[in-house]
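First the structure, in the form of structure tokens, and then the observations on it.
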Amino acid sequence: DWHNTGCRNNLLTGIVNADDDSGTGGHPPGQIDTGSICPIGGFGMDARTEAVDDWNETEPPVFNFLANMDGVRSLPAARTFGVSIADQLVNAGLSWKSYQESLPVAGADGIGSSNGTATDLTTFDATRPVSPANLPGTPTSPVSGVVAAYAVKHNPFAYFASVQNGRERGLSLDQVVGFDGKGGLYSDLATGHVPSYAFIAPNQCNDQHGRGNGDAFCQYDPGVAAYGGLTNGAQLGLNPGLSAQADTAIKRIVTSITSSPVWRWGNNAIVIVWDENDYSGLAAAPTAKAGFADGNLNRVVLTVQLSYADGSKAVHSQNFYNSFSLLKSIEAGFGLPCLNHACDKDVAVMSDLFGARRW
């Protein structure tokens with residue numbers, strides 16, 4: 001709900017935004033849907049994250065129970081500030097950018113999705129003049145005609161009130177840019193004029209998500225008949241073209257970073273976050289604290305490449321980390337305090353991956 005200063009978000013109301021994807025009612029903790037997403041701001045409590053999800057991101061009747069992490073661990077409700085690491089960086093005199101592939105030229109403000117030209121706000125009215133906002137002659141249904149390559153859900157900074165308001169220098173939607181053109185990812189890397197912190201999101205054809213109306217290399221994974229067209233954590237049922245597209249995209253991004261003059265300055269790190277969760281789970285309720293099969297865990301694979309480390313030796317961590325561990329590690333690298341769940345007592349800095357001498 002862009003720029004709505006009168007909108008009371010969930011932190012302020014305490015209402016859990018329980019979007020019941022299961023269609024069965026499940027066991028959502030409170031109200032099912034709170035409607036439009038208010039800009040994130042203020043202070044309050046977030047909701048507890050249960051060990052097993054049986055109401056939000058499920059695919060009945062094949063998968064009724066999903067592991068939020070491993071089916072055993074959970075997260076308690078926590079006192080939460082409605083700010084992000086972008087706020088922390090600006091307050092510390094540092095800079096940031098969110099590089100979003102296929103972002104429309106006009107920028108991110110008010111945009112839900114885009115193919116880099118047309119957006120979810122584009123009309124297809126043959127009675128009106130042709131303009132960037134109106135493209136007659138294209139399919140009359142933008143849902144089927146426009147590939148939603150850029151998606152705001154992969155641009156988390158856009159959801160925060162502080163970024164939407166843009167009242168503080170260096171903290172606005174101006175820091176959300178595309179991959180191409182002046183001030184974009186590849187231009188910044190070529191010149192070496194990059195921010196302290198860069199959040200880089202390939203589009204949905206290049207991040208292995210896929211789109212139903214994309215070409216053969218962007219089509220969703222076909223799945224397997226035994227799982228109702230879904231996948232079950234195995235390679236079977238995946239679109240090899242989509243995987244190849246993602247491999248090519250990540251190679252181009254990493255090569256561009258390591259070829260940039262900035263890679264040789266100071267201490268730099270590339271962190272590739274790869275979400276292996278395919279929403280596969282169990283049809284029947286799991287045994288308490290029994291955990292889930294390896295293929296059904298909500299696992300995030302992390303690859304770290306450092307400009308200051310000896311590249312001849314790879315390190316594979318055996319420690320359990322979650323997403324907040326990555327946030328805490330990035331904050332530690334910049335000398336920032338922990339934020340929200342990164343302050344949980346069991347959230348550790350990934351010193352074995354980034355090098356203990358640096359922490």
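The values are calculated or read from the model by the stated rules, or taken from the named source; none is laboratory data. Everything numeric in this text was worked out from a predicted model, so none of it was measured. No Cβ is skipped: glycine too gets one built from the backbone with ideal geometry, and neighbour counts run over all protein chains shown. Heads up: the accessible areas ignore ligands, DNA and RNA and are worked out on the full protein's heavy atoms, side chains in. Shrake-Rupley method; radii C 1.70, N 1.55, O 1.52, S 1.80 Å.
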Just to verify a result, which residue in region 344-358, among those that are acidic (D, E) and free of Cβ contacts under 8 Å to residues at least 40 places away in the same chain, is least open to solvent (accessible area, probe 1.4 Å)? D352
Selection count where residues are hydrophobic (A, V, I, L, M, F, W, C) and in a loop (DSSP other than H, G, I, E, B), scope region 50-72: 5
Can you tell me which residue is nearest to D275 (Cα to Cα) among those in region 332-343 that are part of a loop (DSSP other than H, G, I, E, B) and open to solvent by 30 Å² or more (accessible area, probe 1.4 Å)? C338
Quickly run through region 314-331 and pick out the residues that are outside any loop (DSSP other than H, G, I, E, B) and either acidic (D, E) or open to solvent by 40 Å² or more (accessible area, probe 1.4 Å) (or both). S323, F324, L327, K328, E331
Restricting region 277-296 to residues that are over 18 Å from N56 (Cα atoms) and part of a loop (DSSP other than H, G, I, E, B), which is most open to solvent (accessible area, probe 1.4 Å)? K289
Conditions first: (1) at pLDDT 85 or above; (2) surrounded by fewer than 18 Cβ atoms within 10 Å (Cβ to Cβ). C38 passes all but one, so which condition is the exception? (2)
Assigned to a helix (DSSP H, G or I) and buried (at least 19 other Cβ atoms within 10 Å of the Cβ), is that true of Q208? no
Restricting region 9-32 to residues that are modelled with pLDDT under 75, under 21 Å from the mean Cα position of the chain (by Cα) and open to solvent by 50 Å² or more (accessible area, probe 1.4 Å), the one nearest to T80 (Cα to Cα) turns out to be D19
Can you tell me which condition F81 does not meet? The list is (1) open to solvent by less than 60 Å² (accessible area, probe 1.4 Å); (2) in contact (Cβ under 8 Å) with a residue 40 or more places away in the chain; (3) within 30 Å of S196 (Cβ to Cβ), and all the others hold. (1)
Residue hits (region 238-265; in a loop (DSSP other than H, G, I, E, B) and either out of contact with any Ser or Thr (no Cβ under 8 Å at 6 or more places or on another chain) or of a type in the set (S, T, Y) (or both)) are N239, S259, S260, W265
Can you name the residue in region 84-112 that is in a loop (DSSP other than H, G, I, E, B) and among the β-branched types (V, I, T) and is also surrounded by the most Cβ atoms within 10 Å (Cβ to Cβ) among such residues? I111
For region 175-190, what are the residues that are free of Cβ contacts under 8 Å to residues at least 12 places away in the same chain and assigned to a helix (DSSP H, G or I)? S187
The conditions are (1) touching a Phe, Trp or Tyr at 6+ places or on another chain (Cβ under 8 Å); (2) open to solvent by less than 70 Å² (accessible area, probe 1.4 Å), and N267 fails exactly one of them. Which is it? (2)
Residues within region 240-287 that are more than 19 Å from the chain's Cα centre (by Cα), on the phi > 0 side of the Ramachandran plot and touching a residue at least 60 places away in the same chain (Cβ under 8 Å), tallied: 0
